[in-house]
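The values are calculated or read from the model by the stated rules, or taken from the named source; none is laboratory data. Keep in mind that what you see is a predicted model, and the values were worked out from it rather than measured. Positions of Cβ are backbone-derived with ideal geometry, glycine not excepted, and every protein chain shown enters the neighbour counts. Surface accessibility is based on the protein's heavy atoms, side chains included, excluding ligands, DNA and RNA. Shrake-Rupley method; radii C 1.70, N 1.55, O 1.52, S 1.80 Å.
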Amino acid sequence: AMAKKRKGTAAVGNASKVARMDLDGGKKDTSCVAATVNPADFTAKSSLGVPFLVLSERDFVAGRRPPSREEWQGLQRTAATLVSFWVQRNAVVLADFEGEMPGIGGELCCAAFQRNLAIEPKGLRQLQSQGFCRDMGLLIDLRCVEGVGLVRQIMESPAITKMIWGADGDVASLRYGPPAAPFSISSAQVVDVQLAFSTPSRRLAMAKMLERLPSEAKPVDLPSKDAAIDFTRSHAFNRRALQLPLPTQVATYAMDDLHRLDLVLQHQRPSGNAGYMQALNVTDALHCVLFQKPVVYCSDQLRRWHVTLHKITGLGRQMKAVQIKRTMMALKRCVPADKIATQLAGTELAELQAIEADADKALAEVDVIIPDDLSLGAHEAQVTTAEAGAQGQVTGLALFD
């Protein structure tokens with residue numbers, strides 16, 4: 001039986017076989033896809049060598065060209081077929097998102113997905129470890145309409161169980177972000193794995209979780225969970241921290257985060273005998289509040305941030321003030337003014353207004369202004385390039401006058 005299972009798993013890992021499967025399990029003619037798409041041109045690899053199909057119609061990962069129109073159509077068909085395969089199998093899928101200040105008031109730019117074999121779909125219990133899944137994953141550009149559509153299909157599907165570490169910010173951004181044109185994605189069947197090992201008010205960081213794993217379980221090729229990007233420095237000034245196209249190391253970091261979550265699922269078990277079903281129920285309850293009463297959902301987070309605002313100094317304090325202000329501004333955009341008070345009890349509205357006032361004061365001290373449209377300033381590298389270009393133009397004029 002185990003041999004048959006491994007054989008089946010190997011077949012699933014064969015991307016070409018997955019690409020040939022239709023929704024009803026039959027064969028599909030993919031000759032036009034094969035003729036127009038060379039997978040090597042649009043596949044990135046994680047640190048463990050696992051392939052991820054890069055789904056974007058523009059420059060998304062540095063060093064990889066955007067697809068032609070025909071290639072883009074072929075990539076969409078391949079990705080859609082893979083997702084249909086997940087739906088067919090009621091698959092458990094790892095998910096991770098990268099973006100700017102995830103949550104209400106933030107925005108996402110990248111989504112990563114890969115099927116997982118460590119958790120059984122029906123009871124969400126841990127299976128005997130078979131090592132890392134080698135199935136092809138997806139790395140999706142959320143600037144593309146088609147990419148957002150595919151993410152919507154995955155995240156809203158009750159047939160696909162999504163395992164995420166720290167899902168709160170990601171799910172909020174998928175529903176209410178980006179502020180200029182919200183995705184309005186109502187995520188379903190999401191397990192916030194973090195809540196199987198900690199509480200919503202005191203969440204355990206992934207880096208701390210990984211320290212609990214036996215050293216022999218950690219692959220030498222998988223980098224440690226160190227920050228690849230200095231978010232604080234950029235977000236403290238309401239600027240973008242992620243450069244697009246994504247540098248190779250950032251794209252790799254996003255893919256590797258799924259492997260880190262896979263390690264947790266393979267080697268750690270939630271207390272009790274319910275597997276991750278309890279974490280699923282807690283996640284569902286939290287997201288129900290997020291979708292129906294976002295002001296209530298955000299109030300506890302705003303209070304925690306407010307405490308932090310008065311405990312720390314420097315750029316960390318400045319970034320926390322930016323997060324508070326952006327969240328308050330976003331809430332006012334997505335919830336009518338007359339309904340904000342109805343979601344709060346007693347003096348809570350006055351409390352949130354006081355929190356916002358403290359954030360305003362902190363930002364005024366450093367001359368940081370959040371635009372009414374909640375737009376983010378350009379990435380530091382882009383600002384530097386633009387300034388250098390402007391200086392070059394001035395120098396050129398001087399030389400030729």
(request) Mind jotting down the three principal axis lengths of the range 123-228 based on Cα atoms? Whole angstrom, largest first. (result) 45, 35, 34
(request) Hey, can you find the accessible area per residue of the chain for me, probe 1.4 Å, expressed in square angstrom? (result) 47
(request) Please give, to one decimal in nm, the separation of the simple spin-label points placed at Arg58 and Cys334, each 7 Å out from Cα toward the Cβ. (result) 2.3
(request) Express the C-alpha Rg of the range 106-175 as a ratio against the empirical globular expectation 2.2 N^0.38 Å, rounded to two decimals. (result) 1.22
(message) Taking all protein chains in place and a 1.4 Å probe, what share, in percent, of the accessible surface of the chain do carbon and sulfur account for?
(response) 53
(request) Considering only Gly106, Gly177, Gly63, give the residue with the highest GNM mean-square fluctuation for the chain, with springs between Cα atoms whenever their separation is below 10 Å. (result) Gly63
(request) Determine the distance separating the Cα centre of the range 268-294 from the Cα centre of the range 61-101; give it in Å without decimals. (result) 27
(request) Considering only Ala274, Ala254, Ala118, give the residue with the highest GNM mean-square fluctuation for the chain, with springs between Cα atoms whenever their separation is below 10 Å. (result) Ala274
(message) Ranking request for peptides 307-317, 186-196: highest mean number of other beta-carbon atoms within 10 Å first, then the rest in descending order.
(response) 186-196, 307-317
(request) At 7 Å along the Cα-to-beta-carbon direction for both Leu344 and Lys311, put a label point, then send me their distance in nm to one decimal. (result) 2.3
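Projected area of the range 310-378, taken from the Cα convex hull and averaged over every viewing direction, in nm²?
Mean projected area for the range 310-378: 5.4 nm², to one decimal.
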(request) Show that you can apply the helix-only estimate: for the chain, add -39,500 (n - 2.57) for every DSSP H stretch of four or more residues, divide by all residues, and state [θ] at 222 nm to the nearest 500. (result) -15000 deg cm²/dmol
(message) Return the Rg/Rh ratio of the range 209-320 with Cα-based radii and a Kirkwood Rh.
(response) 1.03
(message) Over the chain, what is the relative contact order in percent, taking alpha-carbon pairs closer than 8 angstrom and at least six residues apart?
(response) 17
(request) Give the Rg (one decimal place) followed by the Dmax (whole number) of the range 290-332, computed from C-alpha coordinates and expressed in Å. (result) 11.0, 36
(request) Could you check what % of the DSSP bridge pairs in the chain are antiparallel, to the nearest 5? (result) 60
(request) Restricting things to alpha carbons, tell me how big the chain is in terms of Rg and Dmax, in Å. (result) 22.4, 82
(message) Only Cα pairs within less than 10 Å get springs; with that Gaussian network setup on the chain, which residue of Asn116, Asn238, Asn281 has the largest fluctuation?
(response) Asn281
(request) Express the relative contact order of the range 76-226 as a whole percentage, based on alpha carbon pairs under 8 Å and six or more residues apart in sequence. (result) 23
